[in-house]
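Presented below is the structure to which this report refers.
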């Protein structure tokens, strides 16, 4: 193809009108190319001048945007002819390609390619560029690539031109200048310089292509790239086509780059004649940025410039005024436009109805709906959905349902927007049962559901302990690639663990991970704590490893849960190691950390080390709370250091700390253990005086102490006192008194307490039955023993190893070895394992039989 027509016949004039056709107004310091017939050699005696020095644009763009500084060294005619012959040939000669690349620098090739551009065959040229770049990594100049872009555009190879620009901006092609960060600006500058030889039509198309590539190929960076390129061109007095200006302005609005949009629009007014679409986009942008008065002034400017507004412009004005709280002005504008002959459409009515519904002006909204119908518009979702949404948000669910009924009667089916509006209305008005039903219907139809609706219904289900149904919704969300709300996930995982559905909770956590929705630390802590409660620390540590691998930062709660697990299992030293690890990570131990470690040490009986830790806690600036005191008091009591426990109690009283039943019960238990039930009762009375009601633990402890002293009747009297005070006796209290009566041999009174338990709906447990069996074995009443064993089986209570030991020991003492053997078979059949006491009892029983002989020589 002959591209010599791209060379201008004369140097273009720099004097142009302020508003003219695109790419007419420009300035350039680039040298005019030589006429085609003298492109190989400079005129005799007139050496080729050096190109002007590089310029740095005012916007801070990269230097070197003028054509590359070409060597003044005279190019060999043979090289020029060789390149011309190679690129104008129908097929590319590989050897010739290699030779050219070896002989020419990128700048020299740029001169040659520019000179022979009118004679190249595009397929050959593209093949040459491909081989040079891919096989030889030849770094062409940006100007060389831009010349190729212009040739591609002129030959209507737009997709290749777009691809080439994209690859250049991405930095995927070898380029002689290392400026990939601003490559889009460099391309814009070079294309502007080449406009001298490309002509207006191709030049405009090149700039249009560059702007479109920037907008569409680079996601979040696209708006910045496109704006930078446009601003550089505008500063040079060059502009893309009006269509591209509209596209760019609309793209900036959608990207919420409003400041860039305003600046670009002002620049466009200097170089293009705006049409109604450009004005409409700008008006919408000003409204979106809250610049209402600027929008109104721009509308007036549009009208004064002779551009007639269309319905899109009017809708932008009405919508902007409505969204900025100026409904009355919107209504006046609508009336004015109608007077001026602008035919409003259904969108206009939808905008007004939506605004009126949001303001609670329901009657006016319905009037507009009727007006639209009277004017012959076929009502559709655009009108109905705002009405349904407005009624639903206002709690007028009945009115919303009436609108839906009217809509469907006219053959218009509900769509996801309609149903999501109704669903939101149910949720706002706390009609959660209806919300769940509607949500299920939408899921069955495969409709899109607002993520907020999923989370709201799931949260309600969790609060109702309907964890299975909430779990199903969370799984549905994940199948739709929607991330559940963190708070809902935390509640659900904790709830599943509480009801024993550990595997479901773990599966959900890993499903989140698989979808890329890593559960946050709080949610993960809830699962780890649930696994701790379920005594499944192996799974908890697997979760913990995944948390670390996923980059989640462990917090104080995570560490405290792990310390709790170790201390509960007697691995206090590992708990201390975790505390040291916390310190290394910059997480200071809190009072809960110290409480856990103190409790672990006290359970081990290491009260001296616990006392040292107590001092360390206070030295660290932490204030021990009521639970810290309770732990230390209990530890001292267990270590028979009651006076130190009393000292801590008195310290709490002196500091006027709000006491609770826990600290009182600790001392009451210690007094009872020492046989001082009188002092324990006095402490119970002190609780009442301080307004702290005694609990079932308080009474159970007192009863146990009295029974240990043989004061069973006094203990039983406390049952009546409990009930009068509104404290329901529990199975421990009753079992304690039963055991006391059995130890005194008062079987009838023991059974009477058992009957009272039944009348008060207190069900015997394994300990109660073991006490009863032990009591009747002592007096040899095997009928009662058998009765309670059968009753245990009927109530689904399996004997444990303690029950078995009591039974075997009692039968052995009675000399009933056969019954022991039979019972042994029954127990083994239930899967119970014997301990050392059981085996010792069995052996002693068998050896006491007269026909059993000791083994001997």
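Computed from the coordinates by the stated procedures, all read-outs in this text should not be read as laboratory data. Quick caveat, the model's predicted, so the values are computed rather than measured. Cβ sites come from the backbone with ideal geometry, for glycine too, and all protein chains shown count toward neighbours.
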If one compares the long axis through the Cα atoms of helix 747-759 with the longest principal axis of the Cα atoms of the chain, the angle in degrees, nearest 10, works out at 30 degrees
Simple label model, 7 Å out from Cα along Cβ direction - residue 758 to residue 481, nm: 6.5 nm
At a 10 angstrom cut-off on C-beta neighbours, averaged per residue, how do the peptides 92-103, 725-736 rank from highest to lowest? 725-736, 92-103
Work out how much length residue 580 to residue 370 would gain on full extension: take 0.36 nm times their residue separation and subtract the Cα-Cα distance, in nm to one decimal. 68.2 nm
C-alpha long axis of helix 556-568 to longest principal axis of the chain, angle in °: 30 degrees
Förster radius 30 Å - calculated FRET efficiency between residue 170 and residue 93, Cβ distance, rounded to 0.05: 0.45
Could the peptides 156-163, 552-559 be put in order, highest first, of the mean number of other beta-carbon atoms found within 10 Å of their residues? 552-559, 156-163
Relative contact order, percent, of the chain when contacts are C-alpha pairs under 8 Å separated by at least 6 residues? 4 percent
What order do you get for 398-409, 615-626 when each peptide is scored by the mean count of other beta carbon atoms within 10 Å, highest first? 398-409, 615-626
Nearest-ten-degree value, helix 200-217 long axis tilted from longest Cα axis of the chain: 0 degrees
Between residue 555 and residue 790, what length comes free when the chain is fully extended (0.36 nm per residue of separation minus the Cα-Cα distance, one decimal in nm)? 79.4 nm
Could you give the nm distance between label points at residue 650 and residue 308, where each point is 7 Å from its Cα heading toward the beta carbon? 10.1 nm
Gain on full stretching of the segment that runs from residue 765 to residue 343 - 0.36 nm per residue minus C-alpha separation: 143.6 nm
extent check for the chain: Cα max minus min per principal axis, descending, whole Å, gives 139, 84, 58
What FRET efficiency comes out for residue 689 versus residue 615 if R0 is 35 angstrom and r is the Cβ-Cβ distance? Round to the nearest 0.05. 0.60
Between residue 546 and residue 434, the two model label points (7 Å from Cα along the beta-carbon direction) sit apart by a distance in nm of 4.0 nm
